[in-house]
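One structure is given here, and the rest of the page talks about it.
The values are calculated or read from the model by the stated rules, or taken from the named source; none is laboratory data. This structure is a prediction, so every number in the text was calculated from the model and none was measured. Note that each Cβ is placed from the backbone with ideal geometry, even for glycine, and that neighbours are counted across all protein chains shown. Ligands, DNA and RNA are stripped out before the accessible areas are found, and what is left, the full protein with its side chains, is counted by its heavy atoms. Shrake-Rupley method; radii C 1.70, N 1.55, O 1.52, S 1.80 Å.
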Amino acid sequence: MESMKHRSLELLEDFIRIQSVNPHYKEGARGEGELANYIEGICKQKGLKVTRQEVFPGRDNLIIELRTGRPDKTLLFEAHMDTVSLGSMVDPLVPTYKGDRLYGRGACDTKGTLSGMLYALEECAKQPELLHCDLVLCAAVDEEHAYRGLMALIDLDLPISGAVVGEPTEMGIVGSHKGCVRFAIHTHGKAAHSSMPEEGDNAIYQMMQVIRYINEEMEPQLAKRSHPLCGTATIVVGMIQGGKQINIVPEMCTIEVDRRIIPGEDPFEVFEEIQRDLKEAMQHKKVNYTVEPLLLDWALNTPEESAVVHTAQEVCRQLGLQDAICGVPYGSDASKLQQLKGIPTIVFGPGSIAQAHSKEEWVPVVEVEQAAEFYLKLAQNYGKSNA
Ligand SMILES: [Zn+2]
């Protein structure tokens, strides 16, 4: 029976056995080094060219190339090697089949996609003459923390004409997703003893005005901005902190706010818009505040007429999979490739985001196999129609 197993599952089992927890999670995290060595070894056996790109000491992106002399048509596969912490998963490093599922840390996010993409390159390396494009696979570091691996890849400025980012999409072709603008607002008051509040200026009361404005004015306005595949723009006050002691009028209060942007919105413009609106709303109120940006991330908005989208749809039809273009509310590396480099990018992979990061991480076995065949066929068909 062993010989019947799809190659992508063999690879995935090995990937799960190699711990590659992002060092950001501390506690025994080993980082991506060992997995990178393992993948590099396989690629060398198969005659694929591998380049290491150091992102942090001991933490390299692997850039695996299969060149066929068509650099103007280069298809990029990208998937990250790191995982979140092992957490309370039972046997996180032991690939375990139960029914039609394969369990293990990273099975779904995102070693399942990485194994399928590597399988596609292995197969293509056997018959490169079948390709109509150059192929590059980037096995990246640090997606689960600060995206440094992907940003380093972008800095290389490789000519890439289409890209697939591997994340669990339940086998849907994701062409759009939301981005975010996260920021803090601080209100500044004046401390006084609470027996003489008239001597002070209460920063928490000031913040009440800000929060009321966000909740009662901004929220309903944003609910009117919507994208057909991703839903509406939203804003949430997720954290609040203020005051020092029960008997002191607070001089500081801080909130942290998460604004989700939809495709078509620019995070930098949105951040400016928020500051403008707040300024106008607060101008006749006695609110002394400052705004501090925390994280600005792009939404994904890949044109449906892009070659990578068309080819992906065609391949899905050939494999009997859904060919609809989907939108999702969560973010991924894809938006940076598309917005910063203008590379038409889709997200595609086996498993569901609901199982990513969970204490019961698993991926449907059949989806791992199908995704691997999808990546292979995509590689073989990309560049064909407009050759
Ligand atoms: Zn992921």
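How big is the dipole moment of the chain about its Cα centre under a simple scheme where the beta carbon of each Lys and Arg is +1, that of each Asp and Glu is -1, and everything else is neutral? Debye, nearest 20, please.
Details: 38 positive and 56 negative charges, 32 e Å.
Dipole of the chain, to the nearest 20 debye: 160 debye.
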- Item | Proximal charge balance of Asp266 [Cβ under 11 Å; K/R count +1, D/E count -1] | -4
- Mind checking which lysines have their Cα closer than 25 Å to the Cα of Lys44? Skip sequence neighbours fewer than 8 apart in that chain. Lys5, Lys73, Lys111, Lys126, Lys377
- Item | Accessible surface of Tyr213 - all protein chains present, 1.4 Å probe, nearest 10 Å² | 40 Å²
- Message: Let me check I have the definition right: for the range 259-387, take the eigenvalues of the Cα gyration tensor, multiply each by 5, take square roots. What are those semi-axes in whole Å, largest first?
- Response: 39, 20, 10
- Excluding Ile235 itself, what net charge comes from residues whose Cβ is under 9 Å from its Cβ, given Lys and Arg +1 and Asp and Glu -1? 0
- Note on the structure: Length-normalised contact order of the range 179-297, Cα under 8 Å, at least 6 apart, in percent, tallies to 43 percent
- Based on the Cβ-Cβ distance from Arg148 to Glu216, what FRET efficiency comes out when R0 is 30 Å, to the nearest 0.05? 0.15
- Theoretical gain in end-to-end length, Glu273 to Asn247 [0.36 nm per residue, Cα-Cα removed]: 5.6 nm
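As an exercise, identify the trypsin sites (Lys or Arg not before Pro) in the range 232-266 lying in DSSP coil whose Cβ has no more than 12 other Cβ atoms within 10 Å.
Passing both the DSSP loop test and the Cβ count: Lys244.
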- Note on the structure: In whole percents, the bins of 5 Å from zero upward hold the Cα-Cα pairs of the range 179-297 as 2, 11, 20, 22, 17, 11, 8, 5, 3, 1, 0
- Task: Work out Dmax and Rg for the chain from the C-alpha atoms and quote the Rg first, both in angstrom.
- Result: 23.9, 84
- Total charge dipole magnitude, the range 179-297, about the Cα centre, Cβ charges on Lys, Arg, Asp, Glu only, Debye to nearest 20: 200 debye
- Message: Can you classify the range 234-291 as rounded, prolate or oblate using the Cα gyration tensor, where a ≥ b ≥ c are the square roots of its eigenvalues, rounded means a/c under 1.5, and otherwise it's prolate if a/b beats b/c and oblate if not?
- Response: oblate
- Expressed as a whole-number percentage, the relative contact order of the range 186-253 with C-alpha contacts under 8 angstrom and at least six residues apart is 48 percent
- Message: Taking 8 Å as the Cα distance limit and 6 or more residues as the minimum spacing, I'd like the relative contact order of the chain as a percentage.
- Response: 24 percent
- Using Cα centres only, tell me the gap between the range 26-86 and the range 297-370 in whole Å. 20 Å
- Task: May I ask which residue of Gln355, Leu378, Ala191 lies farthest towards the positive end of the charge dipole of the chain, with charges of +1 (Lys, Arg) and -1 (Asp, Glu) on Cβ and the Cα centre as origin?
- Result: Leu378
- PRE reach from Val90 (point 7 Å along Cα→Cβ): which of the range 99-121 fall under 16 Å by backbone N? 99-105
- Using 0.36 nm per residue, how much length does the chain from Asp258 to Val237 gain when fully extended, once their Cα-Cα distance is taken away? 6.9 nm
- Task: Provide the per residue accessible area, probe 1.4 Å, for the chain, rounded to a whole number of square angstrom.
- Result: 45 Å²
- Task: Find out how many positive minus negative residues lie around Leu321, taking Lys and Arg as positive, Asp and Glu as negative, among other residues whose Cβ is under 14 Å from that of Leu321.
- Result: -4
